[in-house]
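Peer 1: First the structure, which I've put down as structure tokens, then a few questions once you've had a look.
The values are calculated or read from the model by the stated rules, or taken from the named source; none is laboratory data. If you're wondering where the values come from, they're calculated on a predicted model, not measured in any experiment. Cβ placement follows ideal geometry from the backbone for every residue including glycine, while neighbour counts extend to all protein chains displayed. Note: accessible area is taken over every heavy atom of the protein model, side chains too, but ligands, DNA and RNA are not part of it. Shrake-Rupley method; radii C 1.70, N 1.55, O 1.52, S 1.80 Å.
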Amino acid sequence: QAELVESGGGSVQAGGSLRLSCSPSGRIFESYAWFRQGPRKEYEFVAAIDKSAVTIYYTRSVEGRFTASRDSAKNTAYLQMNSLKPEDTAVYFCAASEYYLGSYYSSREKYAFWGQGIQVTVSS
């Protein structure tokens with residue numbers, strides 16, 4: 001069973017930046033995504049990126065501020081988060097799939113592998 005190890009969370013003031021990393025062990029996945037779970041425990045799709053890093057999707061609230069990327073040599077996915085806002089406060093989860101998901105990129109149930117979750121706190 002592959003594991004996804006996340007790192008890079010923390011606490012910043014509004015306007016600050018953080019970069020999340022997601023490193024799988026022993027496996028290369030076709031698709032990666034980032035989801036977040038806010039204070040009210042709702043899950044929200046944040047971003048998705050395919051293996052070639054050509055197809056990248058973002059939820060509207062993070063477009064222009066967040067950037068998803070992949071480093072094939074390191075087999076690591078990243079989420080660069082700039083201009084952070086208090087409403088970005090959440091636990092962020094990395095997710096991965098062995099398959100190209102097409103239009104299902106934002107569907108949680110399509111991702112079989114998940115990271116442990118990492119807290120991001122943005123203060124005003």
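Peer 1: Would you please name the GluC sites (Glu not before Pro) within the stretch 78-115 that are DSSP coil residues with at most 14 other C-beta atoms within 10 Å of their C-beta? Write out the running numbers ahead of the final one.
Peer 2: On the way: sites: Glu87, Glu98, Glu109; in loops: Glu98.
Counting only loop positions with at most 14 other Cβ atoms within 10 Å, the GluC sites (Glu not before Pro) in the stretch 78-115 are Glu98.
Peer 1: At most 16 other Cβ atoms within 10 Å plus a DSSP loop assignment makes a site exposed; report the longest stretch of the chain without any exposed trypsin sites (Lys or Arg not before Pro). Display every interim value, and only then the final one.
Peer 2: Numbers: sites that count: Arg27, Arg40, Lys41, Lys51, Arg65, Lys74.
Answer from the scan: 75-124.
Peer 1: In addition: Tell me the carbon and sulfur percent of the accessible area for the chain, rounded to whole percent, probe radius 1.4 Å. Numbers along the way, then the final one.
Peer 2: Working: 2980 of 6460 Å².
The C+S portion of the solvent-accessible surface of the chain is 46 percent.
Peer 1: Considering only protein heavy atoms, what per residue accessible area in square angstrom results for the stretch 67-124 with a 1.4 angstrom probe?
Peer 2: Accessible surface, normalised per residue, equals 51 Å².
Peer 1: For the modelled label position 7 Å from the Cα of Ser11 along Cα-to-Cβ, which residues of the stretch 93-121 have backbone nitrogen atoms closer than 14 Å?
Peer 2: 119-121, by backbone N distance to the label point.
Peer 1: Computed from the mean reciprocal separation of all distinct C-alpha pairs, what Kirkwood hydrodynamic radius does the stretch 17-93 have, in Å?
Peer 2: 12.9
Peer 1: Let me ask you something else. Can you list the residues, at least 5 places off or on another chain, whose amide H is less than 5 Å from the amide H of Phe66, using H built in the peptide plane?
Peer 2: Hits under the 5 Å cutoff: Asn82.
Peer 1: Report the paramagnetic label zone for Thr121: residues of the stretch 66-106 whose backbone N is under 15 Å from a point 7 Å from Cα along the Cα-to-Cβ axis.
Peer 2: In the stretch 66-106, the label zone of Thr121 (backbone N under 15 Å from the point 7 Å along Cα→Cβ) covers 86-92.
Peer 1: Hey, another quick one. Could you tell me the accessible area of Tyr57 in Å² (1.4 Å probe, neighbours in place), rounded to the nearest ten?
Peer 2: The value for Tyr57 is about 70 Å².
Peer 1: Using a 1.4 angstrom probe, figure out how much accessible area the stretch 1-52 has per residue, in square angstrom, rounded to the nearest whole.
Peer 2: Values: 2620 Å² over 52 residues.
Solvent-accessible surface per residue comes out at 50 Å².
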